[in-house]
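A short worksheet on the structure shown next.
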There are 2 protein chains.
Amino acid sequence: MKKIINKPEDVVKESVEGLGLAWSEIVKVNYEPMFVYRADAPVNNKVAIISGGGSGHEPMHAGFVGYGMLDAACPGEVFTSPTPDQMYEAAKKVHGGAGILFIVKNYSGDVMNFEMAADMLKAEGIDVENVIIDDDVAVKDSLYTQGRRGVGTTVLAEKICGAAAEKGYDLKKLAELCKKVNGWGRSMGMALTPCTVPAAGKPTFELAEDEMEIGIGIHGEPGRERMKIKSADEITEMLAEAIIEDLPFKEGDEVLAFVNSMGGTPEIELYIVYRKLYKILESKGIKIARKLVGRYITSLEMQGVSITLLKLDDELKELWDAPVKTPALRWGI
Amino acid sequence: MKKIINKPEDVVKESVEGLGLAWSEIVKVNYEPMFVYRADAPVNNKVAIISGGGSGHEPMHAGFVGYGMLDAACPGEVFTSPTPDQMYEAAKKVHGGAGILFIVKNYSGDVMNFEMAADMLKAEGIDVENVIIDDDVAVKDSLYTQGRRGVGTTVLAEKICGAAAEKGYDLKKLAELCKKVNGWGRSMGMALTPCTVPAAGKPTFELAEDEMEIGIGIHGEPGRERMKIKSADEITEMLAEAIIEDLPFKEGDEVLAFVNSMGGTPEIELYIVYRKLYKILESKGIKIARKLVGRYITSLEMQGVSITLLKLDDELKELWDAPVKTPALRWGI
């Protein structure tokens, strides 16, 4: 296992500590239980948005805490759900009196633990809405998931709902917006290589030197098909076609196109994928009105790429463009 | 070779095309010869700043074209210098009448080709200043370099000089500023793995499963020492100590701390390095006043990390904080 770490059991704690030291003007860290929260929390009369999940997908979620996005993020151990006390304590810290929105990727552990935290908070009279993101078109059920997995649309939902919360959306309206984003977002990924969870010390799965896996999950869960490596254009077509036909995205639609590295795939390759995606969408009369290209929802050092398309309307475009200031996503401020 | 590409010979062209399609509001692409330039070029009466070098280090340099940073970037083939006609034509396109600053990393091919372009431009009466970045403390001479290699400080020089150019610095003052940044910046990197140039199809060097190389160059040039993998804290100490003693950075100094992934090393590991770097500097009374953490000067999918420290004064802090809007670096706008 080649990693720049100290003890495997300290990876998450030390990394989150580093994030907090680097971005102390934006975030603070609570260690027992662990969560990262806005340095200016609570923001009074704003719905507080909290997400979380296993670590190893950085910058998601802790890198998205800050103005215009999340109020708190709860990192679990690598590829392991956070515990309900993390979400509960985070909520108590950032609640500004207008309720809490939990944005939860559809993995059984996450769903269960966020629900438990929501029940604890509701018992104390705090309003909580739980919205599940399940945008991965690759497979129906999966290793850790009933139904579809939650992947790239999560990043977009956190940005868009974060902007809406700053604008004053109330909890009910914000939860509806988050469901709309989930309903209009579709993703699929692929991998050339596995990754290694520090505590395990060996790769999560095996792929031959000439193989790739289409439809991979962000924890290395099996995808649709293992096959010989194809060209970037062919890979992009496979991902894009599965996504486009699923919603379906149609001629005249405006979309946000999100090309994401699983971590180890370099930027030079991401833009080769973006180029082909642009041409595919253009040929179908689908217009890319907004874009995001980079590493935003990763699987440690896994080489691979995922594509997310989100259908846009004026509301979503305006909220996407609104200022954001987090460690990993920033503009307009 | 596991990569998401089409033909190896099309990698740079297709990737740059993708960048141009994604960020058309910020950059345009010229293909013959190839350069990426500001969509609003030329900016009248502003010194135009141009950089470039071999591809494979993305987002550097094309990802740094835009308001507050570069006016143009000239990408060569992967790990290969661009040719003088690229810099010459780029300069003709973006020259706003106030002269041209070339920011050049210290590799023999780059230095020679930027000099040739400068001579061609000067022969036409265009003022050009050529500033060489040579901040890598690892080794004295190297595979492609006389003297020290140019690495992480390049990113900082492009940001800081870009802001100064927007502020109206004239060419002479801007070149002095760039030399000051180079004089105050020091870097060193290390690698856990090599990377593979697409056209070569095999790794640039070999490292055993339990080995790392300290002082590696961004093209895989030999560093100071090959050794057994050490802990993140020990690696950070080795890099930081070499950098700190070189300037030297002293108690009371304010610095910009830049922790950079060589590409394949994930963010979770970068913040473990940042954490230790923070503690080392704190123990020496050196204050991190600004920071940059992420993938900004990379070596394709190489796993490894580099650290850059830049001594700061009020001028550099103000210019660092100034608005910037490029594909890869953006704030305040």
- In nm, what does the list of distances from A:TRP331 to its counterparts in the other copies look like, shortest first, when each label sits 7 Å along Cα to Cβ? 1.7
- Query: What FRET efficiency do you get for A:ALA123 and A:ASN45 if R0 is 25 Å and r is their Cβ-Cβ distance, rounded to the nearest 0.05?
  - Reply: 0.65
- Task: Can you work out the accessible area per residue across chain A, with the rest of the protein chains kept in place, probe 1.4 Å, in square angstrom?
- Result: 33
- Query: Which lysines have a Cα less than 17 Å from the Cα of B:LYS230, not counting those fewer than 8 places away in the same chain?
  - Reply: A:LYS2, A:LYS3, A:LYS7, B:LYS276
- Cα-centred dipole magnitude for the range A:10-183, charges only on beta-carbon of K, R (+1) and D, E (-1), debye, nearest 20: 560
- Query: Of all chymotrypsin sites (Phe, Trp or Tyr not before Pro) in the range B:92-145, which ones are in loop regions per DSSP and have a Cβ with at most 12 other Cβ atoms within 10 Å?
  - Reply: none
- Starting from a label point 7 Å past Cα on the Cβ side, list the distances from B:PHE205 to the same position in the other copies, nm, shortest first. 3.4
- Placing a label point 7 Å from Cα toward Cβ, how far apart in nm is A:ASP10 from its equivalents in the other copies, listed shortest first to one decimal? 4.9
- Query: Among the GluC sites (Glu not before Pro) within the range A:182-221, which fall in a DSSP loop and have no more than 13 other Cβ atoms within 10 Å of their own Cβ?
  - Reply: A:GLU206, A:GLU209
- Query: Of all DSSP beta bridges in the range B:10-183, what percent run antiparallel (nearest 5)?
  - Reply: 30
- Query: For chain A, what proportion of DSSP beta bridges, expressed in % and rounded to the nearest 5, is antiparallel?
  - Reply: 55
- Shape call for the range A:10-183 from the C-alpha gyration tensor, a ≥ b ≥ c root eigenvalues: rounded (a/c under 1.5), prolate (a/b greater than b/c) or oblate? rounded
- Note on the structure: Mean separation of Cα contacts under 8 Å (at least 6 apart) over the residue count of the range B:10-183, i.e. the relative contact order in percent, is 21
- Could you tell me the distance between the Cα centroids of the range B:47-71 and the range B:18-46, to the nearest Å? 10
- Task: Order these peptides, B:45-54, B:290-299, A:175-184, by their mean beta-carbon neighbour count within 10 angstrom, highest first.
- Result: B:45-54, B:290-299, A:175-184
- Message: Run the count for the range B:10-183, please: Lys pairs, Cα-Cα under 16 angstrom, 8 or more apart or on different chains.
- Response: 21
- Message: Averaged over its residues, how many other protein chain Cβ atoms are within 10 Å of peptide B:293-305's Cβ atoms?
- Response: 4
- Task: With the full set of protein chains in place, find how many percent of the accessible area of the range A:185-312 is carbon and sulfur; take the probe as 1.4 Å.
- Result: 44
- Going by a 1.4 Å probe on protein heavy atoms, which residues of the range B:263-278 end up with at least 50 Å² less accessible surface in the whole assembly than in their chain alone? B:GLU267, B:ILE268, B:GLU269, B:TYR271, B:ILE272, B:ARG275
- Item | Cα-Cα separations in chain B greater than 27 Å, expressed as whole percent | 40
- In Å² (nearest 100), what accessible area is buried between B and A, both sides summed, heavy protein atoms only, 1.4 Å probe? 5100
- Taking the axis that carries chain A onto chain B, what is the nearest Cβ in chain A, and at how many Å, to the whole number? A:GLY264, 2
- Note on the structure: Check: C-alpha center the range B:142-209 vs C-alpha center the range A:80-105, spacing in Å is 42
- Query: Nearest 20 debye, what's the magnitude of the dipole of the range B:185-312 about its Cα centre given +1 on Lys and Arg Cβ and -1 on Asp and Glu Cβ?
  - Reply: 440
- Can you give me the Cα centroid spacing of the range B:261-307 and the range A:265-333 in angstrom? 25
- Roll a 1.4 angstrom probe over the protein heavy atoms and tell me the percent of accessible area of the range A:1-81 that is carbon or sulfur. 47
- The Cα radius of gyration of the protein assembly as shown, divided by 2.2 N^0.38 Å with N its residue count, comes to 0.91
- Item | Residues listed by number, the range B:291-333, amide nitrogen under 18 Å from B:ALA199 label point at 7 Å toward C-beta | B:299-301
- How much mean residue ellipticity at 222 nm does chain A get from its helices, if each DSSP H run of length 4 or more adds -39500 (n - 2.57) and you divide by all residues, to the nearest 500 deg cm²/dmol? -10500 deg cm²/dmol
- Honestly the range B:115-197 on the Cα gyration tensor test (a ≥ b ≥ c root eigenvalues; a/c under 1.5 rounded, otherwise a/b vs b/c for prolate or oblate) is just prolate
- Message: I'd like the antiparallel share, as a percent to the nearest 5, of DSSP beta bridges with both residues in the range B:185-312.
- Response: 75
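The values are calculated or read from the model by the stated rules, or taken from the named source; none is laboratory data. Not measured: the values here are computed from a predicted model. Cβ atoms come from the backbone with ideal geometry, glycine included; neighbour counts cover every protein chain shown. These accessible areas exclude ligands, DNA and RNA; they are computed on the full protein's heavy atoms, side chains included. Shrake-Rupley method; radii C 1.70, N 1.55, O 1.52, S 1.80 Å.
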